[in-house]
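Engineer: Structure provided below as structure tokens; questions to follow.
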Amino acid sequence: MSRVLTAARLHLVNPLVMLGIPWLVAGISFAINLALFGLTDAGADMEGGGFTAGVASLYITVLIVFVQAVTQLLPFAMGLSLSRRTFYLGTALVAVVQSLCYGVVLAALVAVEGATGGWGVDLAFWGPGTMDVDAFALQVVVSGGPMLAATSVGIGIGVVMKRWGQRGLWALIVGTLVVLGGLAVLVTWLEAWGDLGTWFGDRAVATLAAGVPAILAAALAALSWAGIRRTVP
Amino acid sequence: MNEAAGPIFRQVADLIETAIVDGSLPEESQAPSTNELAAFHRINPATAAKGLNQLVADGVLYKRRGVGMFVATGAREQLLRRRRSEFADQYVRPLMTEAHKLGISSAELATMIDRWADAR
Amino acid sequence: MTAVATLQDVTMRFRGHTALDEVSTVLEQDTITGLLGRNGAGKTTLLQLLTGHRVPTSGRVEVFGRSPFEDDGVLSRICFVKEGQRYPDAFRVGDAVSAASWLFPNWDADLADRLLTDFELPRKRAISKLSRGMNSAVGIVIGLASRAPLTLFDEPYLGLDAVARQLFYDRLLADYAEHPRTVVLSTHLIEEISDLLERVLLVDRGRVVLDEDADALRATALTVAGPRAAVEEFGRNREVLSTEALGGHARAVVRVAGPVDEAAATAAGLSAEPTPLQRLVVELARATRAAGPAVLEEVPR
């Protein structure tokens, strides 16, 4: 167990990279949005206050950080005689704890956002649109769930890059496009877009923002584990 | 160490023997330790230990438990005896071989040795 | 003697290319073994098997009595310093050293400090900013300070100058003398380290060519020189690894059984000297290559 904790600790050797960069990027995005909303009354023009997808920058940056957490740290960790399993568990631990903490921080920011009337300019940055639910605990889940998904996607991509290299990454991109495109074609062919929309509409935000990412995270975790087993540093 | 000069452990033993013979390592004094020898000659400690053990087996050194290796009383005499017995084989034989190659007779050789001894 | 690691009939194949072919060897406790061989001979693959970084195609690998693959109990007792180890971009020298100190139970912080000073490595310096040689030095510091019961160095000196390499050998020897452990040194700078070795494991094209006590090994081959006819005569009933002749004078590296052969050589009017390890390894590699198809193969890393 202590080695799993040590593996987790390796990720935090440079907290400025692991934790700082995502918040720096999201912070800059927030500042730009705040300035835009303050200068243009964009928020007031929109019904129910304005929102932007700026918070997505936080999720995407976290994803990239986790790609690097695998590609850069796995060779080093294995060089220090950690088993792949221990490294994997340590990384997963960081991903879960970090997602939970980020969920709490985001929920707090959403609460402030609500209390200050969108930072005084009707800006819904941290909890845009339907991502804004009116209960703190639920907000933690709604904001933290996709974060967990982002970390697992990052870990998954990292494992693919380490195990199969550049070629694996291209195969992954092409494969993903083919699968998503195929699904789109299938839905169109079945003329099921309406049904799909209704289905999503019928789900609660909690189900979509927490359930779907949780299933995705679990599936990716299993795939990453399968991939990392025979990775040579 | 010089790799072409035979097994390294033997060279280590030879160097200690030489020190005993020339008196720089007197009888009943402490011989260098395995680690000292390893560090000084930059050799594997196991090799150094092998050299020391060879000397123990020959009765040149003896172990004092927990202290180290010491030069046995009578070691110098023993080594001198051995080296004298090996002298002919190690030094005279190559000398004679070379002299023979150059056509120097035994008598001429003897004269050379006398002259060298006088000059010294 | 206790075996720390055992390889039994280990074969490692990569897509039709055989990197190791039926390799069997034992690493004894508290020895320094030189893992020698040409580039692509299979040295790195062998070390990767010992650290569980790879799994053999067939055969058995055991370290401390268990398979090293994914076994943290075994792995925590192994330190593998490999050529061109990658460090995370943002890591400074101090970060890498601290990380190592968390993971190796026998870590010696004082020794690490001393080595950092010896190799003039500033803790605050980013590893990505280090020269090739200083990068190698970080691995050497970790490898020595880990005091791991099984420490593997895979050509750890890349980019290090002669002074720094000598420093490495000296520190290794000094610390090894105080804290004996099992060390494997994979290298092709044989001459520099031959005196450090207790055992020699020579691999060539995936096969073990030699697995012997270093000192005994030197005595197994004589370099004889003298009149050509006498050299040829001496080699007639013995295994001759190489012969060179210049006019009537010839020199040969000949495998021998013992002191009897040396006496025979001297009696035949030849000069006879033990063969230095480097020369022996070169001649043996050449001899095995001449016996098999002369193909140079690259091992995937």
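The values are calculated or read from the model by the stated rules, or taken from the named source; none is laboratory data. What you see is a predicted model, and the numbers here were worked out from it, not measured in a lab. Cβ sites come from the backbone with ideal geometry, for glycine too, and all protein chains shown count toward neighbours.
Engineer: Is there a residue being within 30 Å of residue C:118 (Cα to Cα), at the interface with chain B (Cβ under 10 Å from one of its Cβ atoms) and of a type outside the set (D, E, K, R) anywhere in segment C:214-231?
Structural biologist: Yes, segment C:214-231 contains a residue that is within 30 Å of residue C:118 (Cα to Cα), at the interface with chain B (Cβ under 10 Å from one of its Cβ atoms) and of a type outside the set (D, E, K, R).
Engineer: Can you confirm whether residue C:269 is under 25 Å from residue B:93 (Cβ atoms), surrounded by fewer than 17 Cβ atoms within 10 Å (Cβ to Cβ) and in contact with a helix residue (DSSP H, G or I) (Cβ under 7 Å, 6 or more places away or on another chain)?
Structural biologist: Criteria met by residue C:269.
Engineer: Kindly establish whether residue C:113 is touching a helix residue (DSSP H, G or I) at 6+ places or on another chain (Cβ under 9 Å) and surrounded by fewer than 16 Cβ atoms within 10 Å (Cβ to Cβ).
Structural biologist: Spelling it out, residue C:113 is indeed touching a helix residue (DSSP H, G or I) at 6+ places or on another chain (Cβ under 9 Å) and surrounded by fewer than 16 Cβ atoms within 10 Å (Cβ to Cβ).
Engineer: Follow-up. On the basis of being touching a residue at least 24 places away in the same chain (Cβ under 8 Å), at the interface with chain C (Cβ under 10 Å from one of its Cβ atoms) and part of a helix (DSSP H, G or I), does residue A:95 make the cut?
Structural biologist: Taking the combined requirement at face value, the residue does not satisfy it.
Engineer: Now, a different point. Does at least one position in segment C:79-101 carry a residue that is among the polar types (S, T, N, Q) and closer than 24 Å to residue C:289 by Cβ? Walk me through how you get there before you give the answer.
Structural biologist: Kept after step one, since they are among the polar types (S, T, N, Q), are these residues of segment C:79-101: C:85, C:98, C:101.
Now narrow it down to the ones that are closer than 24 Å to residue C:289 by Cβ: none.
There is no residue in segment C:79-101 that is among the polar types (S, T, N, Q) and closer than 24 Å to residue C:289 by Cβ.
Engineer: Output the residues belonging to segment C:171-213 that are in a strand (DSSP E or B), within 14 Å of another protein chain (Cβ to nearest Cβ), charged (D, E, K, R) and in contact with a helix residue (DSSP H, G or I) (Cβ under 9 Å, 6 or more places away or on another chain). Spell out how you get there, then give the answer.
Structural biologist: Taking segment C:171-213 and keeping what is in a strand (DSSP E or B), we get C:182-187, C:199-204, C:207-213.
With within 14 Å of another protein chain (Cβ to nearest Cβ) added as a condition, the list becomes C:182-185, C:199-200, C:212-213.
Now drop any that are not charged (D, E, K, R), which leaves C:199, C:212-213.
Of everything in segment C:171-213, just one residue is in a strand (DSSP E or B), within 14 Å of another protein chain (Cβ to nearest Cβ), charged (D, E, K, R) and in contact with a helix residue (DSSP H, G or I) (Cβ under 9 Å, 6 or more places away or on another chain), namely C:199.
Engineer: Identify, please: which residue in segment B:7-40 is surrounded by 21 or more Cβ atoms within 10 Å (Cβ to Cβ), of a type in the set (A, V, I, L, M, F, W, C) and facing chain C (nearest Cβ under 9 Å) and is, among those, nearest to residue B:59 (Cα to Cα)?
Structural biologist: B:9
Engineer: Restricting to segment C:72-110, count the residues that are among the small types (Gly, Ala, Ser), within 7 Å of chain A (Cβ to nearest Cβ) and over 16 Å from residue A:84 (Cα atoms). Spell out the reasoning first.
Structural biologist: Looking only at segment C:72-110, we keep the residues that are among the small types (Gly, Ala, Ser), and these are C:73, C:76, C:84, C:90, C:94, C:96, C:98-101, C:109.
Narrowing further to those that are within 7 Å of chain A (Cβ to nearest Cβ): C:76, C:90, C:99-100.
Next cut, over 16 Å from residue A:84 (Cα atoms) only: C:90, C:99-100.
Adding up the residues that qualify gives 3.
Engineer: Please determine whether any residue of segment A:163-179 is of a type in the set (Val, Ile, Thr), under 17 Å from the mean Cα position of the chain (by Cα) and at pLDDT 90 or above. Write out each step before concluding.
Structural biologist: Filtering segment A:163-179 for residues of a type in the set (Val, Ile, Thr) gives A:173-174, A:176, A:178-179.
Those still in the list that are under 17 Å from the mean Cα position of the chain (by Cα) too: none.
No, there is no match, as no residue in segment A:163-179 is of a type in the set (Val, Ile, Thr), under 17 Å from the mean Cα position of the chain (by Cα) and at pLDDT 90 or above.
Rundown of residues vs (1) more than 8 Å from every other protein chain (Cβ to nearest Cβ); (2) buried (at least 22 other Cβ atoms within 10 Å of the Cβ); (3) of a type in the set (A, V, I, L, M, F, W, C); (4) under 23 Å from residue A:80 (Cβ atoms), yes/no style:
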site: C:13; (1), (2), (3), (4): yes, no, no, no
site: C:18; (1), (2), (3), (4): yes, no, no, no
site: C:22; (1), (2), (3), (4): yes, no, no, no
site: C:26; (1), (2), (3), (4): yes, no, yes, no
site: C:31; (1), (2), (3), (4): no, no, no, no
site: C:37; (1), (2), (3), (4): yes, yes, no, no
site: C:57; (1), (2), (3), (4): yes, no, no, no
site: C:70; (1), (2), (3), (4): no, no, no, yes
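Engineer: In this structure, is residue B:77 over 20 Å from the mean Cα position of the chain (by Cα), of a type outside the set (S, T, N, Q) and surrounded by fewer than 19 Cβ atoms within 10 Å (Cβ to Cβ)? Walk me through it before giving the result.
Structural biologist: Values: over 20 Å from the mean Cα position of the chain (by Cα): no; of a type outside the set (S, T, N, Q): yes; surrounded by fewer than 19 Cβ atoms within 10 Å (Cβ to Cβ): yes.
So residue B:77 does not fit the description; no.
Engineer: Restrict the check to segment A:190-201 and report whether at least one residue is touching a residue at least 24 places away in the same chain (Cβ under 8 Å), of a type outside the set (Gly, Ala, Ser) and not in a helix (DSSP H, G or I). Let's see the steps before the verdict.
Structural biologist: Start the filter on segment A:190-201 by keeping residues that are touching a residue at least 24 places away in the same chain (Cβ under 8 Å), which leaves none.
No, there is no match, as no residue in segment A:190-201 is touching a residue at least 24 places away in the same chain (Cβ under 8 Å), of a type outside the set (Gly, Ala, Ser) and not in a helix (DSSP H, G or I).
Engineer: Next up: Against the condition farther than 24 Å from residue A:207 by Cβ and either in contact with a helix residue (DSSP H, G or I) (Cβ under 7 Å, 6 or more places away or on another chain) or acidic (Asp, Glu) (or both), how does residue A:117 come out, does it pass? Working first, answer last.
Structural biologist: Working: farther than 24 Å from residue A:207 by Cβ: yes; either in contact with a helix residue (DSSP H, G or I) (Cβ under 7 Å, 6 or more places away or on another chain) or acidic (Asp, Glu) (or both): no.
Spelling it out, it is not the case that residue A:117 is farther than 24 Å from residue A:207 by Cβ and either in contact with a helix residue (DSSP H, G or I) (Cβ under 7 Å, 6 or more places away or on another chain) or acidic (Asp, Glu) (or both).
Engineer: Given (1) under 30 Å from residue C:175 (Cα atoms); (2) in contact (Cβ under 8 Å) with a residue 12 or more places away in the chain, identify the lone condition not met by residue B:96.
Structural biologist: Here residue B:96 meets the rest and fails (1).
Engineer: Moving on to the next point. In this structure, does residue B:47 turn out to be surrounded by fewer than 17 Cβ atoms within 10 Å (Cβ to Cβ), within 14 Å of another protein chain (Cβ to nearest Cβ), polar (S, T, N, Q) and under 24 Å from residue C:273 (Cα atoms)?
Structural biologist: Judged against the criteria, residue B:47 is not a match.
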